[in-house]
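For reference, the structure is listed below as structure tokens.
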Amino acid sequence: VKKVYKKLYFNIIIFFYTVILYIKFNNLSFRNIITTVESQKVNSSFFEVNPNVVLELVRAYLNKCFNNTNCLLRSAISFVVLKRLGISVNFYIGVNYDKNIESHAWLEIKKKPILEPSIEKYKVIYQF
């Protein structure tokens, strides 16, 4: 029973972080989103956190609640949530100049992308 309540509590925390941060970030400029990302510190957490699970939950909540698949908002929100849950994570923005200019934002832990199948085509223009 404790395990079920802990899992439910964890999901509720991720849901509320996602909703609050989406509302906040959705009204910020790009520069202010980056400033917010840069200001985040790693907190201590009483959860054992699997970063992939956190990212999957954030993606699901953004998609289902806000019909949002924007990689910048998703990565910024996930970055803040992971930092608040005690996970050291890096934030990246890259650009692909092939046919059209295309940008993408993603997260990495220990130089390994999280839930990103292919980022090799992007040249990193920002990292934190």
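Could you check segment 36-49 and list, in sequence order, the residues that are in a loop (DSSP other than H, G, I, E, B), open to solvent by 60 Å² or more (accessible area, probe 1.4 Å) and closer than 29 Å to Pro117 by Cβ?
Going through segment 36-49, the residues in a loop (DSSP other than H, G, I, E, B) turn out to be 39-49.
Filter once more, so that each one left must be open to solvent by 60 Å² or more (accessible area, probe 1.4 Å): 39, 41-44, 46, 48.
Residues satisfying the conditions are Val42, Glu48.
Do you know which residues across segment 90-114 are loosely packed, with under 13 Cβ neighbours inside 10 Å and closer than 20 Å to Val80 by Cα? Spell out how you get there, then give the answer.
Our first condition is that a residue be loosely packed, with under 13 Cβ neighbours inside 10 Å; within segment 90-114, this holds for 97-102, 110-112.
Scanning segment 90-114 gives Lys110, Lys111, Lys112.
Could you tell me whether segment 46-69 includes any residue that is touching a Pro at 6+ places or on another chain (Cβ under 9 Å) and within 24 Å of Lys123 (Cβ to Cβ)? Full working, then the answer.
Restricting attention to segment 46-69, the residues satisfying the condition of being touching a Pro at 6+ places or on another chain (Cβ under 9 Å) are none.
Looking for residues that are touching a Pro at 6+ places or on another chain (Cβ under 9 Å) and within 24 Å of Lys123 (Cβ to Cβ), one finds none in segment 46-69, hence no.
Among the residues of segment 115-128, how many are touching a residue at least 12 places away in the same chain (Cβ under 8 Å) and open to solvent by 40 Å² or more (accessible area, probe 1.4 Å)? Walk me through how you get there before you give the answer.
Filtering segment 115-128 for residues touching a residue at least 12 places away in the same chain (Cβ under 8 Å) gives 115, 119, 121-128.
Subset that is open to solvent by 40 Å² or more (accessible area, probe 1.4 Å): 115, 121, 123-128.
Number satisfying all stated conditions: 8.
Could you list, in sequence order, all residues of segment 84-100 that are part of a loop (DSSP other than H, G, I, E, B) and aromatic (Phe, Trp, Tyr)?
Step one: of segment 84-100, the residues part of a loop (DSSP other than H, G, I, E, B) are 85-89, 97-100.
Tyr97, the sole residue that qualifies.
Would you confirm, using the coordinates I've provided, whether Val80 is surrounded by fewer than 17 Cβ atoms within 10 Å (Cβ to Cβ), of a type in the set (A, V, I, L, M) and either within 19 Å of Asn11 (Cβ to Cβ) or modelled with pLDDT of 90 or more (or both)?
Working: surrounded by fewer than 17 Cβ atoms within 10 Å (Cβ to Cβ): no; of a type in the set (A, V, I, L, M): yes; either within 19 Å of Asn11 (Cβ to Cβ) or modelled with pLDDT of 90 or more (or both): yes.
No: the conditions fail for Val80.
Filter segment 1-59 for residues that are touching a helix residue (DSSP H, G or I) at 6+ places or on another chain (Cβ under 9 Å) and among the charged types (D, E, K, R); which is farthest from Asn90 (Cα to Cα)?
Lys24
Scan segment 89-98 and give yes if some residue there is within 17 Å of Asn11 (Cα to Cα) and either polar (S, T, N, Q) or at pLDDT 90 or above (or both), otherwise no. Don't jump to the end; show me each part of the working.
Pass one, segment 89-98, residues within 17 Å of Asn11 (Cα to Cα): none.
No, that holds for no residue.
Can you tell me which condition Asn52 does not meet? The list is (1) assigned to a loop (DSSP other than H, G, I, E, B); (2) under 13 Å from the mean Cα position of the chain (by Cα); (3) surrounded by fewer than 13 Cβ atoms within 10 Å (Cβ to Cβ); (4) not β-branched (Val, Ile, Thr), and all the others hold.
Unmet for Asn52, out of (1) assigned to a loop (DSSP other than H, G, I, E, B); (2) under 13 Å from the mean Cα position of the chain (by Cα); (3) surrounded by fewer than 13 Cβ atoms within 10 Å (Cβ to Cβ); (4) not β-branched (Val, Ile, Thr): (1).
Considering Ile23, Ile33, Ile14, Ile77, which residue is free of Cβ contacts under 8 Å to residues at least 12 places away in the same chain and part of a helix (DSSP H, G or I)? Spell out the reasoning first.
Working: Ile33 fails: free of Cβ contacts under 8 Å to residues at least 12 places away in the same chain; Ile14 fails: free of Cβ contacts under 8 Å to residues at least 12 places away in the same chain; Ile77 fails: free of Cβ contacts under 8 Å to residues at least 12 places away in the same chain.
After ruling out the rest, the residue left standing is Ile23.
The values are calculated or read from the model by the stated rules, or taken from the named source; none is laboratory data. Note that this is a predicted model, so its numbers are computed, not measured. All Cβ positions, glycine included, derive from the backbone under ideal geometry; neighbour counts span all protein chains shown. Accessible surface is based on the protein model in full, side chains and every heavy atom, while ligands, DNA and RNA are left aside. Shrake-Rupley method; radii C 1.70, N 1.55, O 1.52, S 1.80 Å.
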